[in-house]
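**Student:** Take this structure, written in structure tokens, and hold onto it; I'll ask about it next.
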Amino acid sequence: MPLTLTVDGPAWRAHLRTVEKGHPGLVPVAKGNGYGFGVGRLARRAAWLGVDTLAVGTYDEVAGVSSRFGGKVLVLSPWRDFERVTSYDDPALTRRLIHTVSRPGDLPLLLERSPRARFVLELLTSMKRHGMTPAELRELRERCSALGADTLRGLRGIAVHLPLAQGSHLGQLERLLNAVVAARLPTRTIFVSHLTDDELRKIAKAWPDYTFRPRIGTDLWLGDRSALRVTATVLDVHPVERGDVFGYRGRTAPKSGHLLVVSGGTAHGIGLEAPLGELSLRSRAASIARGGMDAVGFVRSPYIIDGKHRLFAEPPHMQASMLFLPTGAHVPAVGDEVDVRVRYTATDVDRVTVT
Ligand SMILES: *Cc1c(COP(=O)(O)O)cnc(C)c1O
């Protein structure tokens, strides 16, 4: 068996439903590796949830969701004139796609390519990733006035991407909303990312004429970790004695035990994690004195065997990894499943099993 994500279906779906009920106007985010599930699967789940809009990260991800989810598809990466956008020649997709415009000069260019394009205007936050400052928003407004009343007919809202919680976002959001009001833009929909539930309640109360639509990925798809489990399969087991040579680089076993070959490697995003413990000379010396494996250059792996994170015997291979299991630990058999603690957003599993 390959690297597998096993999902407790009823628990996962119940969690998704709870998040959807608790966040009116929810825009689920499905991007990248699909938070471990794959973007296509999340698109089908979004359809099942009944939301009207799904967000993807990039234009390249649109095709993977647009056939599985029938609603609007919001692209989070801002439009640039070098993007390959498949909707330009497809009226049905043009109606469903919502672009993100983050610079005043981009809107006229987008409308030149796609006159009926739908779009949101992104405002720069303290993230400083993409977006317009209040002055740029005014500039955009002036350009639109010069270009004609129709220029803003595709406007579907304002987008605000806040950093992950660091104190309250409300002061910043208030300032941005005042800039929106000052620019007299014909929309009252604000797409927000990374507001806490409490902040969402407060801002909705303070700005009752506006609709706030939270864009949520992690807390939606991965919010109930107890419903999720990643496992690898033990593919081979070899006993080794101290001094035995193994691996691509001809390492020697520092003591006796077993080498385990397990599924999952660099192609899955299994990487070397931080070395065990502190790296000070003193702690390394202490570790050597105890016969610690990390002192001889072995690095902690995300594989859990017999209740412990085990050490990589050498850097992960493309689709498998070699672990060292010291004498004394329970040795799993070929075919056994072992738990793997990975970051879901950085791991591509071979198989997703929903129970
Ligand atoms: C990825 C992303 C999100 C979703 O982030 P999570 O932390 O996974 O909820 C929201 N907004 C934007 C702009 C993003 O790029």
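Every number here is computed from the coordinates shown, using simple stated rules; none is lab data. Predicted model, so just to flag it, every value in this text is computed and none were measured.
**Student:** Which of the three applies to segment 10-79, rounded, prolate or oblate, going by the alpha-carbon gyration tensor with a ≥ b ≥ c and a/c under 1.5 meaning rounded?
**Tutor:** On the way: a/c = 1.84, a/b = 1.50, b/c = 1.23.
Prolate shape, in that a/c is at least 1.5 and a/b is the bigger ratio.
**Student:** On to the next question. So what is the calculated 222 nm ellipticity per residue for the chain, using -39500 (n - 2.57) for each DSSP H run with n of 4 or more, over all residues, to the nearest 500 deg cm²/dmol?
**Tutor:** Helices in the chain give a 222 nm mean residue ellipticity of -7500 deg cm²/dmol.
**Student:** On a 0 to 90° scale, report how tilted helix 39-49 is relative to the longest principal axis of the chain, with both axes built from alpha carbons and the result rounded to the nearest 10.
**Tutor:** 60 degrees
**Student:** Using a/c under 1.5 as the rounded threshold, could you call segment 63-192 rounded, prolate or oblate? The axes a ≥ b ≥ c are square roots of the C-alpha gyration tensor eigenvalues, and prolate needs a/b larger than b/c, oblate otherwise. Write out the running numbers ahead of the final one.
**Tutor:** Values: a/c = 1.97, a/b = 1.29, b/c = 1.52.
Oblate shape, in that a/c is at least 1.5 and b/c is the bigger or equal ratio.
**Student:** What is the helix-to-structure angle for 170-182, meaning the angle in degrees between its Cα long axis and the longest Cα principal axis of the chain, kept from 0 to 90 and rounded to the nearest 10?
**Tutor:** 30 degrees
**Student:** For segment 54-106 and segment 137-172, what is the separation of their Cα centres, given in Å?
**Tutor:** Value for the Cα centre distance between the two parts: 18 Å.
**Student:** Given a 10 angstrom Cα cut-off, can you work out which residue in Arg45, Arg138, Arg113 is the most mobile in a GNM of the chain?
**Tutor:** Arg113
**Student:** Then there's this: Can you classify the chain as rounded, prolate or oblate using the Cα gyration tensor, where a ≥ b ≥ c are the square roots of its eigenvalues, rounded means a/c under 1.5, and otherwise it's prolate if a/b beats b/c and oblate if not?
**Tutor:** Details: a/c = 2.52, a/b = 2.25, b/c = 1.12.
In terms of gyration-tensor shape, prolate.
**Student:** Hey, another quick one. Given a 10 angstrom Cα cut-off, can you work out which residue in Gly105, Gly38, Gly271 is the most mobile in a GNM of the chain?
**Tutor:** Gly105
**Student:** Moving on. Taking only Cα atoms and a 10 Å spring cutoff, compute GNM fluctuations for the chain and point out the largest among Leu137, Leu16, Leu147.
**Tutor:** Maximum among the listed residues: Leu147.
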